[in-house]
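**Student:** Just passing along the structure, written as structure tokens.
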Amino acid sequence: MKSWAHNHIIDLASFSIDDYETVLELTNRFKQVPTSSSGKIPALQGKLLTTLFFEPSTRTRSSFELAAKRLSADVQSFSPTNSSLSKGETPLDTALTYISMGSNILIVRHSSTNVPAELANYIDKNGLKASILNGGDGLHSHPSQGLLDLFTLANFFNPMNPSTNDLKNKTITIVGDILHSRVARSNIWALTGCGANVILCGPLSILPDEFSEFVNSPPPGQKYDPIKNRGKVTIIRSLKDALEDTDAVMTLRIQKERMKQNLLSDFDSYHKNYGITHEKLKWCKKSIPILHPGPVNRGIEISSQIVEDQSISLIDKQVINGIPTRMALLYLLATMKNK
């Protein structure tokens, strides 16, 4: 296994091909750990993990807590409704409180962009012994989701030994609300980083033209792109054209709660044009897997029949793979950083 250089995991723009390979390899190992309580391994015994979620979550929070427990870590959960936030406490002071209690890793989820990065910068500048793992921030990043989706696809293409090579030159289509999706952004970095070509598909109101340039330069504050030869990002407005030569499709939830304007007023029309159904999948030249990060709006971005079609739907596998992927990330931060 390659060495691990990251003290924190904030986004995937800074990941190298070795980083992706390390996560996939370790995820595949942890996937073999039994899911019963007797299947716990003592890798993080004595470590304390805190889920610091300022924003609601079902899959991500539960998955991280299960991952930590299977590694024998202690887990404490933060609930904003029962916290001192109502008294004016800042996210920084909340985080510092848990670090003072001995937390080694804080999983931070926040509706505002860059909160996890700001906490990580403060920790580094002040020499504190803790790591931040971004559980989703604003419209910016959701790295663990991007990595579990990457593993799910690699595992589909190569069930025995999934690796980054299994994504090289593949075409992955992402359909839907790209504008408001931190999941889409993380997937674009991860997929192109492993050599896949990404097609983005959706109406202009939720998929601006500038997304075709998304990976052409590193994000602000990052000096260089660690990936020398990324896959391409292409925007195709027609779902029929986008599906024709694709190897997999990820459809995204319409995020009405993040829309500051009424960008989509007719969801029936959206489903007609961009909703994934069995009928539309006939446009593909072959049978392809379907992913969705959840939660699902059935009948809008995807039909119920697709969700429940185990022959092509990888939605359940995404949830299942979330646990070993997050086990891998926790293990790397707790035991491999700075080595």
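All of the numbers you see were taken from the coordinates with simple rules; none came from a lab. The model shown is predicted, which means the values in this text are computed figures rather than measured ones. Using ideal geometry, Cβ is built from the backbone for each residue, glycine included, and neighbour counts are taken over all protein chains shown.
**Student:** Considering lysine pairs in segment 144-318 that are 8 or more places apart or on different chains, how many have Cα atoms under 17 Å apart?
**Tutor:** Taking the Cα cut-off of 17 Å, the pair count is 12.
**Student:** Same structure, new question: Among VAL108, VAL33, VAL198, which one shows the highest mean-square fluctuation when the chain is modelled as a Gaussian network with alpha-carbon springs under 10 Å?
**Tutor:** VAL33
**Student:** Same structure, new question: At a Cα cut-off below 20 Å, give the aspartates and glutamates reachable from LYS40, other chains included and same-chain residues fewer than 8 away excluded.
**Tutor:** GLU25, GLU65, ASP74
**Student:** Here's another thing I want to ask about it. Around SER111, which amide H atoms from residues at least 5 apart in sequence, or from another chain, sit under 5 Å from its own amide H, with H modelled in the peptide plane?
**Tutor:** For SER111, the qualifying residues are GLY138.
**Student:** If you don't mind, there's one more thing I want to ask. Dipole magnitude of the chain about its Cα centre, charges +1 at Lys/Arg Cβ and -1 at Asp/Glu Cβ only, in debye to the nearest 20? Let's see the in-between values first.
**Tutor:** Working: 37 positive and 32 negative charges, 130 e Å.
Dipole magnitude for the chain comes out near 620 debye.
**Student:** Hey, another quick one. Quick check on the chain: of the DSSP beta bridges with both residues there, what percent are antiparallel, nearest 5%?
**Tutor:** Values: 1 of 35 bridges.
Expressed as a percentage, antiparallel bridges in the chain total about 5.
**Student:** Then there is this: Given a cut-off of under 8 Å on Cα pairs at least six residues apart, what relative contact order in percent is computed for the chain? Please report the intermediate quantities before stating the final value.
**Tutor:** Values: 641 pairs, mean separation 75.5, N = 339.
This gives 22 percent for the chain.
**Student:** Report, in debye and to the nearest 20, how large the dipole of segment 144-318 comes out about its Cα centre when Lys and Arg carry +1 and Asp and Glu carry -1 on their Cβ.
**Tutor:** On the way: 21 positive and 19 negative charges, 63 e Å.
It works out to roughly 300 debye.
**Student:** Can you tell which of TYR98, TYR270, TYR224 shows the greatest fluctuation in a Gaussian network model of the chain with Cα springs below 10 Å?
**Tutor:** TYR224
**Student:** Still on this structure: Using the charge dipole of segment 144-318 (Lys, Arg: +1 at Cβ; Asp, Glu: -1 at Cβ; taken about the Cα centre), state which of LEU239, LEU200, ILE315 has its Cα farthest towards the positive end.
**Tutor:** Going by the charge dipole, the pick is LEU200.
**Student:** Which whole-Hz ³J(HN,Hα) couplings does segment 278-293 yield from phi under the Karplus relation 6.51 cos²θ - 1.76 cosθ + 1.60, θ = phi - 60°, glycine and proline marked x?
**Tutor:** Taking θ as phi minus 60°, the curve returns 4, 4, 5, 5, 5, 6, 6, 7, 8, 6, 10, x, 10, 10, 7, x Hz for segment 278-293.
**Student:** Ranked highest first by average number of other Cβ atoms within 10 Å, how do 126-138, 210-222 line up? Walk me through the intermediate numbers first.
**Tutor:** On the way: 126-138: 19.8, 210-222: 13.0.
Descending packing order for the listed peptides: 126-138, 210-222.
**Student:** Give me the number: length gained by fully extending ASN161 to LYS232, i.e. 0.36 nm times residue separation minus the C-alpha to C-alpha distance, one decimal in nm. Each step should come with its number before you reach the end.
**Tutor:** Working: separation 71, 0.36 × 71 = 25.56 nm, distance 2.51 nm.
That works out to 23.1 nm of additional length.
**Student:** Straight-line reach from LYS125: which aspartates and glutamates have Cα under 17 Å away, leaving out those fewer than 8 places along the same chain?
**Tutor:** ASP93
**Student:** Here is a further query. Just checking my list (i) 68, 39, 33; (ii) 56, 41, 40; (iii) 55, 46, 41 against Cα extents along the principal axes in Å computed from this structure; which label fits?
**Tutor:** Recomputing Cα extents along the principal axes in Å here gives the entry labelled (iii).
**Student:** While we're here: Please compute the net charge surrounding SER144, taking Lys and Arg as +1 and Asp and Glu as -1 over other residues with Cβ under 14 Å from its Cβ. Write out the running numbers ahead of the final one.
**Tutor:** On the way: positive: ARG59, ARG61, ARG109, ARG182, ARG185, ARG326; negative: ASP11, ASP19, GLU65, ASP137, ASP149.
Every neighbour counted, the sum reads +1.
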